[in-house]
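The values are calculated or read from the model by the stated rules, or taken from the named source; none is laboratory data. Keep in mind the model is a prediction, meaning the values are calculated, not measured. No Cβ is skipped: glycine too gets one built from the backbone with ideal geometry, and neighbour counts run over all protein chains shown. Please note that ligands, DNA and RNA were not included when accessible areas were found on the heavy atoms of the full protein model with its side chains. Shrake-Rupley method; radii C 1.70, N 1.55, O 1.52, S 1.80 Å.
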Amino acid sequence: MVPEASGDDGRDGVRLSDLLRVEKGFRLEEVGSRSTPGFAGGKAAGRTALRAGTEPFAELQERLFAESRFGGERSVLLVLQGMDTAGKGGIVRHVVGAADPQGVRHTAFKAPTSGERARGFLWRIRRALPEPGEIGVFDRSHYEDVLIARVQGLVPRATWVARFDSINAFEAEVAARGTTIVKVMLHLGRKEQRSRLTRRLGRPDKYWKYSPTDVDARLLWDDYQQAYQDALTRCSTDLAPWYVVPADRKWYARWAVQQLLLEHLQALDPQWPAAAFDVAAERARLAAT
């Protein structure tokens, strides 16, 4: 179970990845979607904390990218999953958006085309993996093939059940190649989703973000929650653990994802590459021009 707000700000010895990680015995239904694990303050403090983390995140991302220019092979993959309106787009804009775009590879996965379906469910995923030095972002991912495919009956049960093992093997392969995988499930409450959809219907400039299928999915809410429960527990591994981030409070979700990325980047500790030239000689040459 993910604990409620502990009174710790997430930076005094408590790693958010430890608080939010899916471990044995995890139950999604026990996670409060409005809770703020690891953060005791409110919205104003959360926004301040997010701003405070922007510069360290941007620097670590640039160091990772610079490292790759001189042979470094490491990368990071952020996988974002959640029900509609859970805030995936806001994470991309407000968290990952602080990084240099040349070091970010963002992919928003839509329903697969007939050609993609013919190649296997991981084919298009492999093509979108980050290159060395990049932070890859999956807005939805291969997990749709054990979520929506399962709930909507797009494939037989035996097919989606077998995909759990295929996903674990695939992620182990990706991690072995030097990619740190950070998988985040944005846990949105049913009431909060209705509120967000209602606000969209109240604003003409947000109609484009609304789809009648969002209501169809709400009718299957319990089925989706069970599908997430199974995906989280069957595919949270040492090499690619799942983190469940309560998402009713957007400010908290953004801060939490930023902290998860920071913790993983700090563990990688990418370094600025040493100069591949004589610095003193180049200073002298430059001064003479």
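Scanning segment 159-179 for residues that are touching a helix residue (DSSP H, G or I) at 6+ places or on another chain (Cβ under 7 Å) and buried (at least 21 other Cβ atoms within 10 Å of the Cβ) yields 160, 163, 167. Determine whether residue 247 is open to solvent by 70 Å² or more (accessible area, probe 1.4 Å), touching a residue at least 24 places away in the same chain (Cβ under 8 Å), small (Gly, Ala, Ser) and more than 15 Å from residue 164 (Cα to Cα). No.
Rundown of residues vs (1) modelled with pLDDT under 95; (2) under 28 Å from residue 64 (Cα atoms), yes/no style:
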{"residue": "210", "(1), (2)": "yes, no"}
{"residue": "248", "(1), (2)": "no, no"}
{"residue": "252", "(1), (2)": "no, yes"}
{"residue": "255", "(1), (2)": "no, yes"}
{"residue": "274", "(1), (2)": "yes, yes"}
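Do we have any residue at all in segment 177-200 that's in contact (Cβ under 8 Å) with a residue 60 or more places away in the chain, out of contact with any Phe, Trp or Tyr (no Cβ under 6 Å at 6 or more places or on another chain) and more than 28 Å from residue 90 (Cα to Cα)? The answer is yes, given that some residue of segment 177-200 is in contact (Cβ under 8 Å) with a residue 60 or more places away in the chain, out of contact with any Phe, Trp or Tyr (no Cβ under 6 Å at 6 or more places or on another chain) and more than 28 Å from residue 90 (Cα to Cα). Going by the structure shown, is residue 208 buried (at least 18 other Cβ atoms within 10 Å of the Cβ), over 23 Å from residue 252 (Cβ atoms), without any contact (Cβ under 8 Å) to a residue 24 or more places away in the chain and not β-branched (Val, Ile, Thr)? Considered against the rule, which asks whether it is buried (at least 18 other Cβ atoms within 10 Å of the Cβ), over 23 Å from residue 252 (Cβ atoms), without any contact (Cβ under 8 Å) to a residue 24 or more places away in the chain and not β-branched (Val, Ile, Thr), residue 208 comes out as no. Look at segment 11-28: where a residue is closer than 16 Å to residue 233 by Cα and a partner is open to solvent by 80 Å² or more (accessible area, probe 1.4 Å) and at pLDDT below 95, sitting 6+ places away or on another chain with Cβ atoms under 8 Å, you get 25/1; 26/1; 27/1. Selection within segment 1-40: residues that are of a type in the set (Gly, Ala, Ser) and modelled with pLDDT under 95. The member of this set that is surrounded by the fewest Cβ atoms within 10 Å (Cβ to Cβ) is 13. Using the structure shown, decide if residue 182 is modelled with pLDDT of 95 or more, within 30 Å of residue 252 (Cα to Cα), open to solvent by 10 Å² or more (accessible area, probe 1.4 Å) and among the hydrophobic types (A, V, I, L, M, F, W, C). So residue 182 does not fit the description; no. Could you tell me how many of the residues in segment 221-236 are out of contact with any strand residue (DSSP E or B) (no Cβ under 6 Å at 6 or more places or on another chain), under 21 Å from residue 256 (Cβ atoms) and open to solvent by 20 Å² or more (accessible area, probe 1.4 Å)? Counting residues in segment 221-236 that are out of contact with any strand residue (DSSP E or B) (no Cβ under 6 Å at 6 or more places or on another chain), under 21 Å from residue 256 (Cβ atoms) and open to solvent by 20 Å² or more (accessible area, probe 1.4 Å) gives 2. In the set 213, 198, only one residue is polar (S, T, N, Q) and over 24 Å from residue 146 (Cβ atoms); that residue is 198. Restricting attention to segment 123-154 and to residues that are aliphatic (A, V, I, L, M) and open to solvent by 20 Å² or more (accessible area, probe 1.4 Å), the residue that is nearest to residue 90 (Cα to Cα) turns out to be 148. Checked against (1) touching a helix residue (DSSP H, G or I) at 6+ places or on another chain (Cβ under 6 Å); (2) closer than 15 Å to residue 264 by Cα, residue 103 passes all but condition (2). Does at least one position in segment 48-69 carry a residue that is surrounded by 14 or more Cβ atoms within 10 Å (Cβ to Cβ) and closer than 14 Å to residue 246 by Cα? No: zero hits. Any chance segment 86-105 includes a residue that's open to solvent by 40 Å² or more (accessible area, probe 1.4 Å) and under 26 Å from residue 160 (Cβ atoms)? No: segment 86-105 contains no residue that is open to solvent by 40 Å² or more (accessible area, probe 1.4 Å) and under 26 Å from residue 160 (Cβ atoms).
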